[in-house]
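K.L.:
The structure's right below; bear with me while I get my questions together.
The values are calculated or read from the model by the stated rules, or taken from the named source; none is laboratory data. Small disclaimer: the values here were computed from a predicted structure and weren't measured. Cβ coordinates were reconstructed from backbone atoms using ideal geometry, including for glycine residues, and neighbour counts include every protein chain displayed. For accessibility, only protein heavy atoms count, side chains too; no ligands or nucleic acids. Shrake-Rupley method; radii C 1.70, N 1.55, O 1.52, S 1.80 Å.
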Amino acid sequence: MTVESTAARKPRRSAAGKTGTTGSKAAGTTGTRRATAKKPTDAQPELVQLLTPEGKRVRNAETAAYDPFVADITADELRGLYRDMVLTRRFDAEATSLQRQGELGLWASLLGQEAAQIGSGRATREDDYVFPTYREHGVAWCRGVDPTNLLGMFRGVNNGGWDPNSNNFHLYTIVIGSQTLHATGYAMGIAKDGADSAVIAYFGDGASSQGDVAEAFTFSAVYNAPVVFFCQNNQWAISEPTEKQTRVPLYQRAQGFGFPGVRVDGNDVLACLAVTKWALERARRGEGPTLVEAYTYRMGAHTTSDDPTRYRHDDERVAWEAKDPIARLRSYLESETDTNEGFFAELEAESEALGRRVREVVRAMPDPDHFAIFENAYADGHALVDEERAQFAAYQASFADVDEEEGK
């Protein structure tokens, strides 16, 4: 087993944390019957890794609990995981480029987090329900959401381009951490319905500091909700490093709420697949919530409005490039399966075709309505909103004057 190192970083001062307790009287009182929560399992390994950065399979006593969940995986299924990651990365790169060209207002890249998203996404069943943030493009791919449907919101022409109930994949949530409460409530509901399914909620290391997440942990533990909290720890909450948000590894926070937590190598798609399957099966068996911390790295900016060179060093990125999730699985495919160059060539052609389709679809979308933001603020209108609309209209008209002068 390999434990990830942060030695590539220059030392940073950790913020001193304050500890305290909060109680929820509402969470602890109920007249309904529910299953008795199971105690957390024994201490988990520091980092579950089934595939090293060099593409070597890891099998030892510490991975034994998770090996059975990928023991029967075939070469075709491995190639499928590789294809998922490659195409997701290509879509993400196209979206980033389109934003730079002015076709999208904003984009949140998943670069570097493909294994965490594809591994966990492929672990879900069709009847499971997924609550994403705004960066889960790989999970959306796994749930069958057309990638071009993700782009309308970032262009400003809709509030989400898909029906959540068609794929059991909720709309993207921009408010940090609130989807964990939505997921917990939904999980409590399906438990009361007696459904044989589970819920998974995605969030980042920054969201783990939000009160909503702590409340979700409390309610899910007390009510033994069938939910998996999947935290993608990409080391940075915009410009805040993880050590300024916690004094212990994030997965250990679960212990304080009474359910198990496990840290998985977030750049290892096999480990993410196995650990998430394990956690979802626990939920379906009525054993309550699990916190999975996928230890990964945000290779790009937080969003396209961010400049990470202002707060982190390039040597950190270089160190993580050596752990690239796609290169890791390719090494394994080339050395341990019958995968040949023809597969990679066909995938490259498919990737190019996807890129072209994404560009064509986005450029065919209508332009956003610049004044729509003023329409639904108040039911009966408001003098201040009217004033702001007029100011914005004058601002927009000023560009037309400039264009007319330049034309002359």
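K.L.:
Taking the solvent-accessible surface of protein heavy atoms with a 1.4 Å probe, what is the per residue accessible area of the range 119-178 in Å²?
P.N.:
35
K.L.:
Please list Trp141, Trp278 in order of solvent-accessible area, largest first, computed with a 1.4 Å probe with all protein chains present.
P.N.:
Trp141, Trp278
K.L.:
OK, next. For the chain, which whole percent of the accessible surface, found with a 1.4 angstrom probe, sits on carbon and sulfur atoms?
P.N.:
Roughly 50 percent of what the probe reaches on the chain is carbon or sulfur.
K.L.:
Okay, moving on. For a paramagnetic label modelled at 7 Å from the Cα of Ala364 toward its Cβ, which residues of the range 125-152 fall within the zone defined by backbone nitrogen distances under 17 Å?
P.N.:
Under 17 Å, as judged by backbone N against the label point of Ala364, lie 146-152 of the range 125-152.
K.L.:
Of all DSSP beta bridges in the chain, what percent run antiparallel (nearest 5)?
P.N.:
Counting DSSP beta bridges with both partners in the chain, the antiparallel share is about 10 percent.
K.L.:
Can you show me the helix-derived [θ] at 222 nm for the chain, built from DSSP H runs with n ≥ 4 at -39,500 (n - 2.57) apiece and divided by the number of residues, rounded to the nearest 500.
P.N.:
The helix-only estimate for the chain comes to -13500 deg cm²/dmol at 222 nm.
K.L.:
How many lysine pairs in the chain, separated by 8 or more positions in sequence or lying on different chains, have Cα atoms less than 19 Å apart?
P.N.:
Step by step, the pairs that qualify in the chain add up to 6.
K.L.:
Given N residues in the range 89-142, what is Rg(Cα) / (2.2 N^0.38 Å)?
P.N.:
That works out to 1.24 for the range 89-142.
K.L.:
Counting only heavy atoms of the protein chains, get the accessible area per residue of the range 274-408 (1.4 Å probe) and round it to a whole Å² value.
P.N.:
On a per-residue basis, 57 Å².
K.L.:
Ranked from the most accessible area to the least, with a 1.4 Å probe and all protein chains present, what is the order of Phe343, Phe230?
P.N.:
Phe343, Phe230
K.L.:
For the chain, report the translational diffusion coefficient in µm²/s to the nearest whole number, using Stokes-Einstein at 37 °C, 0.692 mPa s, and a Kirkwood Rh over Cα pairs.
P.N.:
The calculation lands on 144 µm²/s.
K.L.:
Please report, in whole Å³, the volume per residue of the convex hull around the C-alpha atoms of the range 173-219.
P.N.:
With only Cα atoms used, the range 173-219 gives 65 Å³ per residue.
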